[in-house]
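Comments concern the structure below.
Coordinate-derived values only; no laboratory data. Quick caveat, the model's predicted, so the values are computed rather than measured. Cβ placement follows ideal geometry from the backbone for every residue including glycine, while neighbour counts extend to all protein chains displayed.
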Ligand code: NAD
């Protein structure tokens, strides 16, 4: 029996969630393509959340004792389980989020790769090591290790319901923590599936990864539940609320927030490749990608060719829920209203080029036509606010420096891209782009390289998932010293002779005083 069948077999379809303390209140998740109910889930209240965290705390002890090798083995069992059931999970993602099956497969593949990397690199990144004690403590041995924080609370969004939370979950587990995850109220079935898969694949540490379901109040309860850290992925306005709630208990936070990512197309760029990347980077997943390209700044040397190429490619794009559709519906109907507001604002002051697909034939109003937005004032909402839809602004700029200045003129700073024929120029622009990640001559590539950290600056958040930084994010650095031999004179004792500090001053003067 598949996990989905098992979940369907229980009346509330909450097989992977914390069900022992479910309140009587429930909510439905629906298929954005058809409105059909995907599952009914408990609204976990503060008591249920606290009990899940307490169970996770108990599980964290056993999980920690398994050591790096024991955890690696179990994380491998989990990724094997996900890999064998990839199609089943992709079907569920397609039904609940709306994205095409192929995009769901890609998302799951990335998550599996991160699970593998986190498990394989935890010991080397976090394990105990000796560091040099230095001259002042030469008679001591110095040790550094990174210890788990206990239970990590993870709150996730709906747009990449597997890949996004797994960026925190995989790294938190590999670092030795237990996890309680609250998925978005729009994708609880995917969250419940992931937790049910964990229980099936890792039965001897089943409570090390649990799911609680509900709305914002359930998330707020997780913030107050005494977790070691709260890893939040979502919008900047909700991030502010999460930080305020976590401040009540001085719970540390990781913030993975929204973006307004820009692409720079330089004079010598491969215009066809840049256009292809801009169209996919902005329209795939119906534009509901935190690191999606929302703005392009193309130099006057390439602007006309670039616009012609992008509009030609966009012309044939078609949203739908069939296998041939390029992207699916807006997962959250309210997001569609924001996209329509941004596009109609541009229609009044600039130009809107849409695809050829007839909106009258779209299955319902959750499907949006692709829209290329031209001659858009920099003050327009389509340039200033996160649109999160199948749209792209293209602006003509003097040169790449002008492009960089405009790209950086945003309160966000998640990611971005540079297309240029010159490696040195592209690398220079990438370094000076105010963002956590930049791809050169491609889009979004950094997300598929597990060794690279992922996270933003400014209103895009702080802290990092993925890579060594992502493992360390879920730990506390622990310093230990051990005296190897006692010296005749102990500087840190009231018994030290007065001449000892004079001698130290002379030695330090000789060593450091010559530097000017
Ligand atoms: P959202 O902020 O509306 O919700 C995110 C999560 O927070 C949901 O699970 C929600 O139930 C919960 N929540 C709501 N109110 C809460 C509260 N008061 N306390 C605690 N939790 C609360 O975001 P969304 O619409 O689900 O996701 C889209 C946003 O996420 C976009 O801005 C997108 O750019 C961003 N995002 C960022 C990344 C990243 O890695 N930086 C990745 C994916 C999505």
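In segment 116-156, if every C-alpha pair distance is counted and binned at 5 Å from zero, what percent goes to each bin?
Per 5 Å bin, starting at 0, the Cα pair percentages come out as 5, 18, 15, 18, 15, 11, 7, 6, 3, 1.
Estimate the FRET efficiency between residue 248 and residue 215 by the formula 1/(1 + (r/R0)^6), using the beta-carbon distance for r and 22 Å for R0, to the nearest 0.05.
Once the sixth-power term is evaluated, E becomes 0.70.
On C-alpha positions alone, give me the angle between the axis of helix 236-247 and the longest principal axis of the chain, in degrees, nearest 10.
Rounded to the nearest ten degrees, it is 30.
Percent antiparallel among DSSP beta bridges with both residues in segment 29-184, to the nearest 5? Working shown, then result.
Values: 5 of 10 bridges.
Rounded to the nearest five, the antiparallel share is 50 percent.
Among 282-293, 147-158, 172-183, 267-278, how do they line up by average Cβ neighbours within 10 Å per residue, starting with the highest?
Ranked from most to least packed, the peptides come out as 172-183, 282-293, 147-158, 267-278.
Which residues in segment 449-492 place their backbone N less than 20 Å from a point set 7 Å from the Cα of residue 129 along the Cα-to-Cβ direction?
Residues passing the 20 Å test: 450-454, 464-482.
In the chain, what percentage of the DSSP-assigned beta bridges are antiparallel, given to the nearest 5?
Working: 24 of 62 bridges.
Roughly 40 percent of the DSSP beta bridges within the chain come out antiparallel.
Give the relative contact order (percent, whole number) for segment 409-457; include only Cα pairs under 8 Å separated by 6+ residues. Show your work: numbers first, answer last.
Details: 72 pairs, mean separation 20.7, N = 49.
About 42 percent, as a whole number.
Gap in Å between the Cα centre of segment 473-504 and the Cα centre of segment 232-267?
One Cα centre to the other: 42 Å.
Over the Cα atoms of segment 81-224, each weighted equally, I'd like the Debye log10 I(q)/I(0) at q = 0.13, 0.21 Å⁻¹, rounded to two decimals.
With one equal scatterer per Cα and no solvent, log10 I(q)/I(0) is -0.61, -1.31.
Expressed as a rounded percentage, what relative contact order does the chain have, with Cα pairs under 8 Å and six or more residues apart?
Across the chain, relative contact order equals 17 percent.
Please order 96, 473 by the number of other Cβ within 10 Å, starting at the fewest.
Arranged by neighbour count, lowest to highest, 96, 473 become 473, 96.
Return the tail of the calculated pair distribution for segment 261-448, meaning the percent of Cα-Cα pairs more than 30 Å apart.
In whole percent, the long-distance tail amounts to 13.
Under a crude label model (7 Å from the Cα following the beta-carbon direction), how far is residue 409 from residue 425 in nanometres?
With each label point 7 Å from Cα toward Cβ, the separation is 2.2 nm.
What length, rounded to one decimal in nm, is gained on full extension from residue 511 through to residue 356, with 0.36 nm per residue of separation minus their alpha-carbon distance?
48.4 nm
Tell me, 345, 326 in order of fewest to most beta-carbon neighbours within 10 Å?
345, 326
What list do you get for 434, 132 if you sort them by fewest beta carbons within 10 Å?
In order of increasing Cβ crowding within 10 Å: 132, 434.
Can you order the peptides 452-459, 235-242 by their average number of other Cβ atoms within 10 Å per residue, highest first?
Put in order of decreasing packing, that is 452-459, 235-242.
Rounded to the nearest 10 degrees, what's the angle between the helix 333-349 long axis and the longest principal axis of the chain, both from Cα atoms, 0 to 90?
The angle comes out at about 70 degrees.
Largest first, please: the extent of the C-alpha atoms of the chain along each principal axis, to the nearest Å.
So the three principal-axis extents are 89, 63, 39 Å.
If packing is taken as the average number of other Cβ atoms within 10 Å across a peptide's residues, how do 198-206, 392-400 rank, most packed first?
Averaged packing, sorted descending, gives the order 392-400, 198-206.
Return a whole-number percent for the relative contact order of segment 261-448, with Cα pairs under 8 Å and 6 or more residues apart as the contact set.
Relative contact order of segment 261-448: 31 percent.
Once the Cα atoms of helix 163-174 and of the chain are each reduced to a long axis, what angle between those two axes, in degrees from 0 to 90 to the nearest 10, is obtained?
20 degrees
Between residue 308 and residue 268, what's the calculated FRET efficiency when r is the beta-carbon distance and R0 is 25 Å? Round to 0.05.
After rounding to 0.05, the efficiency reads 0.90.
Could you work out how much longer the chain between residue 504 and residue 83 gets when fully extended? Use 0.36 nm per residue separation minus the Cα distance between them, nm to one decimal.
Difference between extended and current length: 145.4 nm.
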